[in-house]
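Report on the structure given below.
The values are calculated or read from the model by the stated rules, or taken from the named source; none is laboratory data. None of these values were measured; they are calculated from a predicted model. Please note: Cβ atoms are built from the backbone with ideal geometry, for glycine as well, and neighbour counts cover all protein chains shown. Areas reflect the complete protein model, heavy atoms only, side chains present, ligands, DNA and RNA absent. Shrake-Rupley method; radii C 1.70, N 1.55, O 1.52, S 1.80 Å.
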Amino acid sequence: MKSIIMAGGFGTRLRPLTNNLPKPMVPMANRPMMEHIIELLKKNDITALTALLYFQPEMISGYLGDGSNFGVKLDYITLTVDLGTAGAVGSAMRKTGGDETTLIISGDVLTDIDLNRAVEFHKKNNSVATIVLTRVENPLPFGIVITDEEGRIVRFLEKPSWGEVFSDTINTGIYILEKKALDYIPTDKEFDFSKDLFPLMLEKKEPLFGYIAEGYWKDVGSLEEYRAANMDILQGNVHVEIPGERIEGRRLWVGKGSRIDFTARLEGAIVIGENCRIEADARISNSIIGPNSTVEEGAVIRDSVLWDSTRVARGASLHENVVGSSSEILDQAHIAEGVIVSDHCRIGRNATLKANVKVWPYKIVEDDATLASSLIWGEKWSRNIFSTYGVTGLANIELSPEFAAKLGAAFGASLKKGSVVSTSRDAHKTSRMINRAIMTGILSTGVSVHDYGVTPMPVVRFLARSGTEAGGIHTRRSPFDTQLLDLKFFDGKGLDLHPGYEKTVEKLFFKEDFPRVPMEETGEMSFPIHAFESYQDAFMSMVDADTVSKAKFKFIVDYSYGSSSRIFPSILGKLNCEVIALNANLDGSKTTKSAEEFQRAMDQLSSIVRSLDADMGFYLDAGGEKVFLFDETGEALDGDTALNIVTLLVLKTSKEAGRIGHIAVPITASRAIDRMAEMYGFTVKRTKTTPRGQMEAAAAGAVFVGEQSGGYMFPAFQPNFDGMYAVAKILEMLAKHGARLHKLMREIPPSIILKERVSCSFENKGMIMRRLAEDSRGLETVLLDGIKIKFGEDWIVAYPSQDMPYFMLVAEASTEEAARSLVNRYSEKIKEWQRS
């Protein structure tokens, strides 16, 4: 049996440690990661090895040679083009003769999985391809795999969102392949295992199995995970060979030629490499000291990893740090938690490095200097700058001007030089500051900026569709928390960035080496003056103004002190309606509302609708994207009722106009929509609960897309939430049918929807999704966003919050008692699974 080791990774997420080193050569307990993999293969009697190299191949081949020093036979194939994971492995299998069973493993993971048992499983099932699986607490960054009782793979999903986490069983990147798998791997194009090969084999019904392995496995995908993996070695959580002589009765390993002063205090688990010197009164606990290093008198090192040839001088202190090769930490220097010092650095006497600073190679921190971090937030969540709703952080602390400029540069670097992007913001002064910082970052990469200033989100999304802009960033104060700012990124179609593109921007952000263009190539900044007119003209061309005008509506609009008050009043003026405007002045300090303040605003609007005998009321959110509806009695329509009524109006109007097609609503929307759609000859497509999922449905040809928190899309105008346009279309549709909102409720098929939150820690979410999937086997289920389980016409959806520690349960039934029974049953299941 042969093995192919994929060792071509750049190690981007481990920078700056990997600036001058390929990731497989990064030391773990004083041995390169790839050496631990070779030891594992040898332990499992796999000694015919081929390494696939790409980045700095000579460093790997120079260290490992032909493998004879490690008891294996090692060949190399250096790739010159990117063929994808499966394409590269297929090429290697053909070159080395793919007649034998071949085990594929990454050279930059840490694991002690029993590979022989995986191979036995593979052969027992006559599998063409077997994926080795493991269970993890947080499956988000990995490929999820779902198997049946026999281990046959039935579904997998690469790097899902929380709502798609149908299991906590993930793809380890260890594969066992037979020669027949080559039939499906092309020879001359990029081809990936998870995206291409395995879905194709599943489609062709080839024997494709998943083996759930015991043992330790960690994808060392961040700097914090790197240090944690070394600590796992020290604590014996993973079984690997640790170099050096182990001192009897202790978890202490000491390499040849090392000298330790008898007054030095060594506590916990420690690895000391060869030819080290530990001087008097030095204190070391739970740490790894690389070969040829010196720890001088009185130095303190806790929970840290030092590479080779480092020097920690007298009285210096390190806590939870990583220090690269040939670096010096001089006398009395203090290195705070989470600091990474790369190779060949010099940290001066009495210098202080604040928490989470990264020091890149060949840098000098002067004596007595204090180096503060502009990357605290980025380090804290190194996998996800982007959340479900964009980038969110504490204003001027996490989301600082420095951070914003760097993120703007990362976004600019992801685009072609000479591209144009838009920037815009709300009226708050801090949004203005951060918007300016973002612009400077973008301009530095040779990308130009159209700055629209204080402009509603729907307007800038619409303008992006003109074709002149490659995307945009909108800065706003969070509508929910006065201390937070949001950055909303969108592409050239006005849609939220695809998750894959967000990861590209994140990678550039953490890489920190995006190009800065020469002086003459810096981007240009301009301020388009006819933006509102372009939006307004297109808006009015899509609305039947005469029909609305004849209806002579009287209604209330609350602008929430937001930017839609800059443009919407002039549009409404052309519709000849009697409009009473509330809170129509720009005030950035009032756009954020607590739950109590929001409810007071809703109650006030309800009272005004009743007292003025208005036909209806509209509450626009501060960004102009969402709108909340009040009927002629002043009642605030709940989200499900409002969606049902607007959908009914769309169905009626579209059928009369002869525009029959499909509409799209979230998987949690009422079955009443399906019944109404059937009556009017429409079909219903269910979407994820995320804005991006709904925007994609709108862009894919839906007549209408809506959701239950005031978001409505009319794709004929634009495939984005636009509260202003939604108001105009609702007025138009009501006018055409001579209808009123309250009376339309009678036409909605009756049902009861109940919702409940169930507390669930992030580390348990994957396990709960797996248990839900297992528990519902044999029942009719839909795996789209969370899990929808059907019981005849009744149903329940359970999906994890993207950014909060709870599950959301949504149930629909004919009676409140039946809906409550479903919610209670699954709430108890989730609670019980967490206790067990």
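Values for this structure:
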quantity	calculated
Filtered residue count, segment 525-583, keeping only those that are small (Gly, Ala, Ser) and over 27 Å from Ile438 (Cα atoms)	8
Cβ-Cβ under 7 Å pairs, at least 6 apart or on other chains, segment 240-262 side more than 25 Å from Lys43 (Cα to Cα), far side part of a loop (DSSP other than H, G, I, E, B) and among the charged types (D, E, K, R)	Gly257/Glu274; Ser258/Glu274; Asp261/Glu279
Top-ranked residue in segment 338-362 [being of a type in the set (A, V, I, L, M) and in a loop (DSSP other than H, G, I, E, B); ranked as most open to solvent (accessible area, probe 1.4 Å)]	Ala355
Residue list for segment 692-716, restricted to those being surrounded by fewer than 21 Cβ atoms within 10 Å (Cβ to Cβ), within 23 Å of Phe568 (Cα to Cα) and not polar (S, T, N, Q)	Pro715, Ala716
Output for segment 514-542, where each listed residue is part of a loop (DSSP other than H, G, I, E, B) and either in contact (Cβ under 8 Å) with a residue 40 or more places away in the chain or buried (at least 17 other Cβ atoms within 10 Å of the Cβ) (or both)	Phe514, Pro515, Arg516, Val517, Thr522, Gly523, Glu524, Phe527, Pro528, Met542
Breaking point among (1) open to solvent by less than 40 Å² (accessible area, probe 1.4 Å); (2) within 30 Å of Asp481 (Cβ to Cβ), for Phe553	(2)
Residue among Thr47, Thr102 that is among the hydroxyl-bearing types (Ser, Thr, Tyr) and crowded, with 18+ Cβ neighbours inside 10 Å	Thr102
Lone qualifier among Ser570, Ser589, Ser606, Ser594 - being touching a Phe, Trp or Tyr at 6+ places or on another chain (Cβ under 7 Å) and either at positive phi or among the small types (Gly, Ala, Ser) (or both)	Ser606
Matching residues, segment 708-735, being in contact with a helix residue (DSSP H, G or I) (Cβ under 6 Å, 6 or more places away or on another chain), more than 17 Å from Phe462 (Cα to Cα) and of a type outside the set (A, V, I, L, M)	Gln708, Ser709, Glu732
Contacts under 7 angstrom Cβ, first residue in segment 295-308 being touching a residue at least 40 places away in the same chain (Cβ under 8 Å) and among the aliphatic types (A, V, I, L, M), partner open to solvent by less than 10 Å² (accessible area, probe 1.4 Å) and not in a strand (DSSP E or B), 6 or more apart	Val305/Asn230
Flag for Phe762 being among the aromatic types (Phe, Trp, Tyr) and closer than 30 Å to Gly467 by Cβ	no
Test for Tyr806: is it surrounded by 14 or more Cβ atoms within 10 Å (Cβ to Cβ), under 29 Å from the mean Cα position of the chain (by Cα) and farther than 26 Å from Glu149 by Cβ	yes
Ile242 being under 29 Å from Tyr216 (Cβ atoms) and of a type outside the set (S, T, N, Q)	yes
Cross-chain or 6+ apart pairs with Cβ under 8 Å, segment 679-695 first and under 21 Å from Ile660 (Cβ atoms) and aliphatic (A, V, I, L, M), then open to solvent by 40 Å² or more (accessible area, probe 1.4 Å) and part of a helix (DSSP H, G or I)	Val684/Asp674
Those residues of segment 746-784 which are surrounded by fewer than 16 Cβ atoms within 10 Å (Cβ to Cβ), in contact (Cβ under 8 Å) with a residue 40 or more places away in the chain and more than 30 Å from the chain's Cα centre (by Cα), in sequence order	Glu747, Pro749, Pro750
Strands (runs of 3 or more DSSP E) contained entirely in segment 209-283, each with at least 3 residues that are in contact with a Pro (Cβ under 6 Å, 6 or more places away or on another chain)	none
Check on Tyr226, surrounded by 19 or more Cβ atoms within 10 Å (Cβ to Cβ) and within 30 Å of Ile260 (Cα to Cα)	yes
Residue list for segment 293-326, restricted to those being part of a strand (DSSP E or B), buried (at least 24 other Cβ atoms within 10 Å of the Cβ) and in contact with an Asp or Glu (Cβ under 8 Å, 6 or more places away or on another chain)	Val295, Val312
Residue match in segment 493-512 (condition: modelled with pLDDT of 95 or more and surrounded by fewer than 22 Cβ atoms within 10 Å (Cβ to Cβ))	no
Selected residue (criterion: least open to solvent (accessible area, probe 1.4 Å)) from residues of segment 241-267 that are at pLDDT below 95 and on the phi > 0 side of the Ramachandran plot	Gly244
Scan of segment 614-637 for residues that are touching a residue at least 40 places away in the same chain (Cβ under 8 Å) and more than 27 Å from Asp426 (Cβ to Cβ), ordered by number	Ala614, Asp615, Asp631, Glu632, Thr633, Glu635
Every residue from segment 189-208 that is in a loop (DSSP other than H, G, I, E, B) and in contact with a Leu (Cβ under 8 Å, 6 or more places away or on another chain)	Lys189, Glu190, Phe191
Sole exception among (1) within 22 Å of Asp112 (Cα to Cα); (2) in contact with a strand residue (DSSP E or B) (Cβ under 7 Å, 6 or more places away or on another chain) for Pro57, by number	(1)
Failed item in (1) open to solvent by 50 Å² or more (accessible area, probe 1.4 Å); (2) not in a helix (DSSP H, G or I), with Glu625 passing the rest	(1)
Residues of segment 453-469 that turn out to be modelled with pLDDT of 95 or more and open to solvent by 30 Å² or more (accessible area, probe 1.4 Å), as a count	1
Failed item in (1) over 18 Å from Ile242 (Cα atoms); (2) in contact (Cβ under 8 Å) with a residue 60 or more places away in the chain; (3) in contact with a strand residue (DSSP E or B) (Cβ under 7 Å, 6 or more places away or on another chain), with Met28 passing the rest	(1)
Candidate set: segment 327-337, residues that are part of a loop (DSSP other than H, G, I, E, B) and charged (D, E, K, R); chosen: the one nearest to the chain's Cα centre (by Cα)	Glu337
Check on Asp603, more than 21 Å from Met457 (Cβ to Cβ) and either in contact with an Asp or Glu (Cβ under 9 Å, 6 or more places away or on another chain) or crowded, with 22+ Cβ neighbours inside 10 Å (or both)	no
Residues of segment 69-91 that turn out to be among the aliphatic types (A, V, I, L, M), more than 18 Å from Ser194 (Cβ to Cβ) and out of contact with any helix residue (DSSP H, G or I) (no Cβ under 7 Å at 6 or more places or on another chain), as a count	1
